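Notes for the one structure printed next.
The values are calculated or read from the model by the stated rules, or taken from the named source; none is laboratory data. As the structure is a prediction and not an experimental result, all values here were calculated from the model. Methodologically, a virtual Cβ is constructed for each residue, glycine included, from the backbone with ideal geometry; neighbour enumeration extends over all protein chains shown. Ligands, DNA and RNA are stripped out before the accessible areas are found, and what is left, the full protein with its side chains, is counted by its heavy atoms. Shrake-Rupley method; radii C 1.70, N 1.55, O 1.52, S 1.80 Å.
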Amino acid sequence: MATVELHTPITEEAIRALHVGDQVRLYGTIVTARDAAHKYMKDTFFRGPAIPEGEQAVYDRLRALWRDGVMYHCGPVVSRDTDGRWRFVSAGPTTSIREEPYEADVIAHFGLRAVIGKGGMGPKTLSACQQHGAVYLHAIGGAATLIASYVKEVLDVFKKDELGVPEAFWVIRVEGFPVVVTMDAHGVSLHEQMYEASRQRLAALL
Amino acid sequence: MDHLVPHFIELIRRAATDLPADIEAALRRARAEEEEGSAAQTTLDSILENVRLSRERSTPICQDTGTPIFYVYYPTGWSTLELKRQIREAVAEATARSYLRPNSVDPLTGKNPGTNLGDDFPYFHFEEWEEDYLKVDLMLKGGGCENVGAQYSLPDGRLDANRDLEGVRRAVLDAVQQAQGMGCAPAVIGVAVGGDRASSYIKSKEQFYRPLDDTNPDPKLAELEARLTREANTLGIGPMGFGGKTTVLTVKIDTLERLPASYFVTASYMCWADRRRTLIYRDGKATIE
């Protein structure tokens, strides 16, 4: 199977050309966000009539980074070099389904083109992918040292002190990060297919 | 008491960065059985490459270094207070050295102290024994796989699972199917039958300390372990849930006394990154297995 190279920012056309099973190598800037980050976004950006003053700067940065951009469900192990620069030591994906209540809104609001994680997501996210032209990309869970080797640079970090290292928004530059499309912009989910096939096999065993 | 902090740091480093030989061998066997060029096989290739790199670079195999669970077996006369103090010191230092991710979060404030220390973190179990040496078993139990563990109270009408080994079989297969790839398959499944809700979960996790290729001393349980391993692997979930022949590496079962009213079946899920190591400290000398 051919491997597709994607560079951020990604066009809608490039996303709509992808199908479940396609292998992708990612290049460019991506931003991590997991449980606490999603709750923060809901509470701070989506709930009230206006964004609180102190949070406007983070919001503006995320808007710029995620327009045609990529989110990564990841809580890394990091270290700090003597010159103060952050480095990703170990950085595999975390289980994505926990963000199911939030992700459709996040995709729509920021104009995300891809969400990377593991384990897949549910029908709300799948439908948002179809509607807005986005895909879910599966990275290999637990392959954390290997994945960290594709992270070439840590460009920035937001909300580290409030949310802690694993839950912060880390802005990173990746080169050749290998992922597989498991939910595409055409309403197809490998996870739905696997669940149904394994449910039938289970029924035969019981 | 002797100063054991450096040995405890080394125990943590080995657990986090150096996958045990029995787990790695099982992953290699799984790779050989998957179809050439399949998503399952390329996934296992990446997993094995990651295991190699992590060992070489001394970096965490998985960024979720989990809950450190220490089982400490000590000779008569040792101070558990002092052992705990030294292990906690080692945990904080191992975190500072990036062998562990800062993982302990206050559920009310959301604060992460950055040290992996809290009133109830890490987890300890102390047991005095008749041997003349110290043994510390450490398991790093990740959160993603912890989330997909499940407990059943039999009888369960949905599964037609009754209070017998057939009921246990049905519950465990259901747990594996429900987990899909979300707990990072291929998994080791630890099962406890009986107990109360809490003791059953603890017993199910203790199964992860068993060597992968041991034989259950109870022939009925040994047979059920083999059957469940075989049957779970016909579900087709495969590595990471991409489809394939290897959904579990093995299933381990133990029992504990129950009340007449209760019949719990607990299935704990351990991801493929089944990180555990043992420190033996005897006559002033430390070895890590």
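Put simply, of B:Pro20, B:Pro75 the only residue that is at pLDDT 95 or above, in the same structural domain as B:Ala96 (by TED's automatic domain parsing) and surrounded by fewer than 21 Cβ atoms within 10 Å (Cβ to Cβ) is B:Pro75. Considering each of A:Val78, A:Val106, A:Val89 in turn, give the residue that is open to solvent by less than 40 Å² (accessible area, probe 1.4 Å) and away from chain B (no Cβ under 14 Å). None of the other options fit; the residue is A:Val106. In summary, strands (runs of 3 or more DSSP E) completely within segment B:180-289 and bearing 1 or more residues that are on the phi < 0 side of the Ramachandran plot and surrounded by fewer than 22 Cβ atoms within 10 Å (Cβ to Cβ) occur at B:248-256, B:275-282, B:285-288.
Among the conditions (1) open to solvent by less than 10 Å² (accessible area, probe 1.4 Å); (2) in contact with a strand residue (DSSP E or B) (Cβ under 9 Å, 6 or more places away or on another chain); (3) under 25 Å from A:Lys118 (Cβ atoms); (4) outside any loop (DSSP other than H, G, I, E, B), B:Ser46 misses just one, which is (1).
Being within 14 Å of another protein chain (Cβ to nearest Cβ), closer than 22 Å to A:Gly21 by Cβ and crowded, with 24+ Cβ neighbours inside 10 Å is a description that applies to A:Tyr136. Look at (1) within 9 Å of chain B (Cβ to nearest Cβ); (2) of a type outside the set (Val, Ile, Thr); (3) in a loop (DSSP other than H, G, I, E, B) and you find that A:Gly187 fails only one, number (1). Looking at segment A:109-132, which of the residues that are part of a loop (DSSP other than H, G, I, E, B), of a type in the set (Gly, Ala, Ser) and over 16 Å from A:Lys42 (Cα atoms) is nearest to the other protein chains (Cβ to nearest Cβ)? Out of the qualifying residues, it is A:Gly119. When segment B:77-122 is filtered for residues that are at the interface with chain A (Cβ under 10 Å from one of its Cβ atoms) and of a type in the set (A, V, I, L, M, F, W, C), the ones remaining, listed by number, are B:Ala96, B:Leu100, B:Val105. A single entry from A:Ala64, A:Ala57, A:Ala50 fulfils the requirement of being farther than 30 Å from B:Arg97 by Cβ, modelled with pLDDT under 95 and surrounded by fewer than 19 Cβ atoms within 10 Å (Cβ to Cβ): A:Ala50.
Just one of (1) facing chain B (nearest Cβ under 8 Å); (2) assigned to a loop (DSSP other than H, G, I, E, B); (3) in contact with a helix residue (DSSP H, G or I) (Cβ under 9 Å, 6 or more places away or on another chain) fails for A:Leu146. It is (2).
Comparison of B:Glu36, B:Glu24, B:Glu49 shows that the only residue that is more than 9 Å from every other protein chain (Cβ to nearest Cβ) and farther than 26 Å from B:Leu279 by Cβ is B:Glu36.
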